[in-house]
Amino acid sequence: MVAMQIPAPGAALRRIERPIPDPGPGELLIEVAACGVCRTDLHVLDGEISAHYPIIPGHEIVGRVAARGTDVEGFAIGQRVGVPWLGHTCDICSYCRAGRENLCDAPLFTGATRDGGYASHAIADARYCFDLPDCFSDVEAAPLLCAGLIGWRALRLAGPANVIGLYGFGAAAHILAQVARHQQRTVYAFTRYGDTAGQDFARSLGCAWAGGSSEKPPALLDAALIFAPAGELVPRALRSVKKGGRVICAGIHMSDIPSFPYADLWEERQILSVANLTREDGTSFFELIGGMELHIVTQSFPLDQANQALQSLREGRVKGAAVLVPPMPTA
């Protein structure tokens, strides 16, 4: 197998080759067809979140089952599957027993604490693999495994919000805007200052308004969902939500939130964070989008251009989602 590996925090990814592994009990060997490039991969690269180095990043994996370990049920050889960020939980801690496996005390995370999908092959815990709707190609399906799932969990935490604001209009927001519109919600998009192309993109996907992150929306929000890893957006979002409104921080890492007056939080406004996902988030999300028209915008890169893809994401030059495509297997 071939892969792009992070040797240490801050180091450029390097190409490696090693034997294709055998799946252990309860595991699948997956021949990777596509792997999304997520901002979390940048946080792993920069050492901003806990990871085991050297590590093969990538947690938006789409591929086909090449081999099964013992004790695997429900998956056939050749079946297409998706592998998300949450790659394993203990099933015994108080959070797992309470149905909150996203907060497990002993989890493994794909592409951070277990090798991920910047590779031709990957090993995954079968319990945390998803069957994917047939209406999406491999490249289109890849960003659904994190950008889609985390966005979906964030939207659910927003509750019955009729008017929502999306701060940071990248991979997650461009999917979520369409899901929210499908649910008859009004969506406002907030982009970097002066990003007129991003604002036009947001409006093309059904957003009722798009502007810079420091601008006031046309009306107060019921909820604000923040995907950009910028802590200064939290006070701005608080000032844009109604009494009783919610600000949802949807990233795994964010810069420090600056101080703000209590008056901005008062009147029962809330600040919540999204941590990982549950398997139920996945099954409910894929059931929903399998029955709707969803336009997923992607930019594909060959696997060996993973460094370039990450740099394009860092600089905000990716429209929609970046996706790595490994070389075709030889006969």
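Some notes on this structure:
- Average accessible surface area per residue within region 200-324, 1.4 Å rolling probe, Å²: 48 Å²
- Computed from Cα atoms, the angle from the helix 171-182 axis to the main principal axis of the chain rounds to 60 degrees.
- Those trypsin sites (Lys or Arg not before Pro) in region 89-134 that DSSP places in a loop and that have at most 11 other beta carbons within 10 Å: none
- With the simple model of a label 7 Å out from the Cα in the direction of the Cβ, D91 to K242 spans 4.4 nm.
- Here r is the Cβ-Cβ distance between S214 and E280 and R0 is 30 Å; the resulting FRET efficiency, rounded to 0.05, is 0.25.
- Rounded to whole Hz, the Karplus (6.51, -1.76, 1.60) HN-Hα couplings of region 26-33, x for glycine and proline: x, 10, 10, 8, 10, 7, 6, 9
- For region 199-211, 3J(HN,Hα) per residue [Karplus equation, 6.51 cos²θ - 1.76 cosθ + 1.60, θ = phi - 60°, Hz, x = Gly/Pro]: 5, 5, 4, 4, 5, 5, 9, x, 5, 6, 7, 9, x
- Calculated over region 1-86: convex hull of Cα atoms, volume per residue (Å³): 101 Å³
- For a label point 7 Å along the Cα-to-beta-carbon line of S255, residues of region 173-212 with backbone N under 16 Å: 191-194
- Residue among G117, G212, G168 with the largest mean-square fluctuation in a Gaussian network model of the chain, springs linking Cα atoms under 10 Å: G212
- Measuring nothing but alpha carbons in the chain and taking Rh as the Kirkwood radius, the Rg to Rh ratio lands at 0.97.
- Expressed as a whole percent, the accessible area of the chain that falls on carbon and sulfur atoms is 50 (1.4 Å probe).
- Charge context of A208, other residues only, Cβ under 12 angstrom, K/R +1, D/E -1: +3
- In this simple spin-label model, placing a label point 7 Å from the Cα along the Cα-to-Cβ direction at both D304 and N162 gives a separation of 5.6 nm.
- Cα-projected label distance for I77 with A263, points at 7 Å along beta-carbon direction, nm: 7.0 nm
- Rounded tilt (10° steps) of 147-157 against the dominant C-alpha axis of the chain: 50 degrees
- Gaussian network model of the chain, Cα within-10 Å springs - most flexible of L225, L42, L13: L42
- Across region 53-136, counting alpha-carbon atoms alone, Rg and Dmax equal 13.3, 38 Å.
- Excluding exposed DSSP-loop chymotrypsin sites (Phe, Trp or Tyr not before Pro) (at most 11 other C-beta within 10 Å), longest clean stretch of the chain: 1-192
- Quotient of the Cα radius of gyration of region 264-309 and 2.2 N^0.38 Å, N being its number of residues: 1.92.
- Karplus-derived 3J(HN,Hα) values for region 231-245, using 6.51 cos²θ - 1.76 cosθ + 1.60 with θ = phi - 60°, are x, 5, 6, 5, x, 4, 5, 4, 6, 9, 9, 5, 4, x, x Hz; glycine and proline are entered as x.
- When exposed loop sites are taken as GluC sites (Glu not before Pro) in a DSSP loop with at most 14 other Cβ atoms within 10 Å, the longest stretch of the chain clear of them is 74-266.
- Amide proton proximity set for Q299, modelled H, under 5 Å, gap of 5+: A321, A322, V323
The values are calculated or read from the model by the stated rules, or taken from the named source; none is laboratory data. Just so you know, these numbers come straight off a predicted model, no measurement behind them. Glycine also receives a Cβ, built like all others from the backbone with ideal geometry; neighbour counts cover every protein chain displayed. Just the protein is used for accessible areas: all its heavy atoms, side chains included, with ligands, DNA and RNA removed. Shrake-Rupley method; radii C 1.70, N 1.55, O 1.52, S 1.80 Å.
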